[in-house]
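Single-structure report; data block below.
The values are calculated or read from the model by the stated rules, or taken from the named source; none is laboratory data. Everything numeric here is computed off the predicted structure, so don't read it as measured data. Counting neighbours? That spans all protein chains shown, and the Cβs are built from the backbone with ideal geometry, glycine included.
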Amino acid sequence: MVQAALMLCMASNCLAQPVSHSPHGEFAINYLPVAKANMTPDCTAYLVLERKGKEIARFPTIGEIQEVFWSPDGRYVAINNRRGESGDYLWVVATESGVVIHKPDDDLPIKDETKQFPEYAHLELHKEWIMPKGWKPNNSLWVRVDDIYSHSDEYLSIDIIYSVNGGALHLVSQVARMLPRSQL
């Protein structure tokens, strides 16, 4: 976990805190807290992508970084951005260009699981966590989505594999299962 290096900045001058370096050391993801006076509901920090110490891109965010995963070929980075009680969210960024392939507010390509679990179709979604779990050797991204429903003792856990092509995530496969809430 990278949480220990991530504290919100309450001072007027904030320094970037290194979170993760790519396996070959060329790229880095840093977390730059925003001074308390400049915070907004949509921005308490920036995710900063650097190449050899120079900033390529900066993305406003809220919350903290839980985990960072670099693709085997170094072309992409997947980031788990925890936003407090609202859940975990996924960022996917192209390292060379700094282009965002997926950000927390984007819809995730996913199959509707209510056909497999029709008893949950009428329930209200209480929370959703979208967490990168790692990259496969073929550069496919493994993501887990956990959906917590109100008034249910179970939650829906979906393991998804995505390919990254043409600047977008493409669904390759997904497997869903219902699990007891006690396993969260």
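Between Leu123, Leu90, Leu141, Leu108, which is in contact (Cβ under 8 Å) with a residue 12 or more places away in the chain and over 16 Å from Tyr162 (Cβ atoms)?
Leu123
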Give, as residue ranges, the strands (runs of 3 or more DSSP E) completely inside segment 88-137 that count at least 2 residues that are in contact with a Phe, Trp or Tyr (Cβ under 7 Å, 6 or more places away or on another chain) and within 17 Å of Arg177 (Cα to Cα). 125-135
Could you tell me how many of the residues in segment 26-45 are in contact (Cβ under 8 Å) with a residue 24 or more places away in the chain and of a type outside the set (Gly, Ala, Ser)? 9
Spot the failing condition for Ala57; the list is (1) modelled with pLDDT of 85 or more; (2) exposed (fewer than 15 other Cβ atoms within 10 Å of the Cβ), and only one is missed. (2)
